[in-house]
1. From the list GLU201, GLU220, GLU229, which residue is over 21 Å from VAL93 (Cα atoms), without any contact (Cβ under 8 Å) to a residue 40 or more places away in the chain and out of contact with any Lys or Arg (no Cβ under 7 Å at 6 or more places or on another chain)?
2. For ALA297, only one of the following conditions fails: (1) more than 14 Å from ASP180 (Cα to Cα); (2) among the small types (Gly, Ala, Ser); (3) in contact with an Asp or Glu (Cβ under 7 Å, 6 or more places away or on another chain). What is its number?
3. Is there any pair linking a residue in the stretch 276-300 that is under 14 Å from ARG223 (Cβ atoms) to one that is outside any helix (DSSP H, G or I) and among the polar types (S, T, N, Q), with Cβ under 6 Å and at least six apart or on different chains, and which?
4. If we keep just the residues of the stretch 280-309 that are among the acidic types (Asp, Glu) and out of contact with any Gly (no Cβ under 6 Å at 6 or more places or on another chain), which is surrounded by the most Cβ atoms within 10 Å (Cβ to Cβ)?
5. Taking into account only those residues within the stretch 26-51 that are surrounded by 14 or more Cβ atoms within 10 Å (Cβ to Cβ) and at pLDDT 70 or above, which is nearest to LEU348 (Cα to Cα)?
6. Of all residues in the stretch 149-180, count the ones that are surrounded by fewer than 19 Cβ atoms within 10 Å (Cβ to Cβ) and in a helix (DSSP H, G or I).
7. Quick check on ALA141: is it of a type in the set (Gly, Ala, Ser), assigned by TED's automatic domain parsing to the domain that holds GLY61 and touching an Asp or Glu at 6+ places or on another chain (Cβ under 8 Å)?
Amino acid sequence: MSPPAWSLNCPIPIDAGADRVTLAHGEGARLSRQLLAEHILPRLSRGAPVDWRDAAHVTSGGVRLALTTDSFVVTPLFFPGGDIGSLAVHGTVNDLAVSGARPQWLTLSLILEEGLPLAVLDAVLDSVARAAADCSVSIVAGDTKVVPSGAADGLFLTTTGIGELIDPVPAGPQSIRPGDVILVSGPIGRHGVAVLCVREEFGFDPPPQTDSAPLLRAVELLRYSAGDEVRAIRDATRGGVSAVLHEWSAAGDVSFLLDESQIPVTEDVRGACEVLGLDPLHIACEGTLVAAVSEAAAEAALGALRADSRFANAAIIGRSIGRRLTPVALRMPFGGDRPLDEPAGSLLPRIC
């Protein structure tokens with residue numbers, strides 16, 4: 001299919017061979033960072049230093065707040081264990097939580113496609129309401145637009161979240177030092193595999209379930225058990241654990257060495273990845289976090305997470321090391337290391 005004949009209201013034509021946006025630009029990995037660094041931030045940041053947190057930190061009237069915004073374009077709208085409505089709330093709440101804030105308010109914008117059954121809209125909005133109540137956040141504003149049939153894949157959601165920062169706030173990836181420990185709060189890759197399997201009708205029985213869930217309690221446990229020894233926290237969404245660690249490597253000028261045998265992966269996700277030729281480290285989670293913690297506090301942090309049944313499978317998966325040519329490497333079960341490269345293409349588009 002030839003690209004659309006885009007044109008600007010100026011006398012400079014756009015060459016048919018010009019670089020264009022691809023699905024891979026939305027996958028949260030290398031091309032996403034490139035799009036930000038080369039096209040978006042230079043035009044919008046006004047030269048301010050880039051903060052790669054999931055939420056911006058601002059101060060208003062002496063109150064320190066975190067502010068985030070996100071869009072959700074997942075297809076299909078409903079998948080095992082969740083839907084676009086609960087996903088939008090969890091994704092926004094989690095971005096605030098891992099940035100060190102207690103979420104309080106959300107806005108919700110709906111882009112509706114002409115022909116969307118109102119029963120589908122009602123089901124999504126009911127799910128949004130349940131998830132917001134579970135997370136103790138209020139939806140205080142919003143907007144609704146309708147676009148012609150074929151323009152929105154049914155339903156798109158955009159959220160903005162605001163929360164109050166709670167001390168100690170993680171300093172961020174620039175504070176990571178060699179020897180710090182990397183842990184995850186549970187098995188990885190579940191959300192992306194769940195969406196992919198139902199989208200492509202792979203027929204796994206039982207179907208893999210998304211891990212979409214709030215991370216508020218996990219962040220609280222890290223705060224109480226490790227305090228300011230927690231360097232950085234991220235929820236491993238687009239691009240998975242791999243994307244988080246590559247981003248942290250660039251921000252903190254360190255590399256990471258992971259122990260492949262210690263990475264928690266459920267049997268259904270492992271099986272699906274083997275069949276499809278995917279690596280769970282590249283696949284999105286929506287209820288699993290990655291944290292960098294000082295070595296001195298690592299066992300206390302891990303024990304606190306595991307004491308909660310929701311995070312019983314939390315694990316230490318590696319540590320930060322001095323800067324190497326390879327940002328992230330895997331230590332194999334039978335010895336030797338291999339680089340964990342980021343995918344060049346789009347593995348799983350439209351999963352959040």
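The values are calculated or read from the model by the stated rules, or taken from the named source; none is laboratory data. This is a predicted model, so every value here is computed, not measured. Cβ: placed from backbone, ideal geometry, glycine included. Neighbour counts: every protein chain shown.
1. Values: GLU220 fails: over 21 Å from VAL93 (Cα atoms); GLU229 fails: without any contact (Cβ under 8 Å) to a residue 40 or more places away in the chain.
Sole residue among the options that is over 21 Å from VAL93 (Cα atoms), without any contact (Cβ under 8 Å) to a residue 40 or more places away in the chain and out of contact with any Lys or Arg (no Cβ under 7 Å at 6 or more places or on another chain): GLU201.
2. Among (1) more than 14 Å from ASP180 (Cα to Cα); (2) among the small types (Gly, Ala, Ser); (3) in contact with an Asp or Glu (Cβ under 7 Å, 6 or more places away or on another chain), ALA297 violates only (1).
3. From the stretch 276-300, the pairs are LEU289/SER185.
4. Here is the first cut: in the stretch 280-309, the residues among the acidic types (Asp, Glu) are 286, 295, 299, 308.
This time we only want the ones that are out of contact with any Gly (no Cβ under 6 Å at 6 or more places or on another chain), so: 286, 299, 308.
Numbers: GLU286: 29, GLU299: 14, ASP308: 14.
Step by step, filter the stretch 280-309, then rank; the result is GLU286.
5. GLY26
6. 2
7. On the way: of a type in the set (Gly, Ala, Ser): yes; assigned by TED's automatic domain parsing to the domain that holds GLY61: yes; touching an Asp or Glu at 6+ places or on another chain (Cβ under 8 Å): no.
No.
Residue-wise test of (1) within 19 Å of ALA243 (Cα to Cα); (2) without any contact (Cβ under 8 Å) to a residue 60 or more places away in the chain.
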{"position": "ARG43", "(1), (2)": "no, yes"}
{"position": "PHE72", "(1), (2)": "yes, no"}
{"position": "PHE79", "(1), (2)": "no, no"}
{"position": "LEU87", "(1), (2)": "no, no"}
{"position": "GLY91", "(1), (2)": "yes, no"}
{"position": "VAL98", "(1), (2)": "yes, no"}
{"position": "LEU108", "(1), (2)": "no, yes"}
{"position": "LEU112", "(1), (2)": "no, yes"}
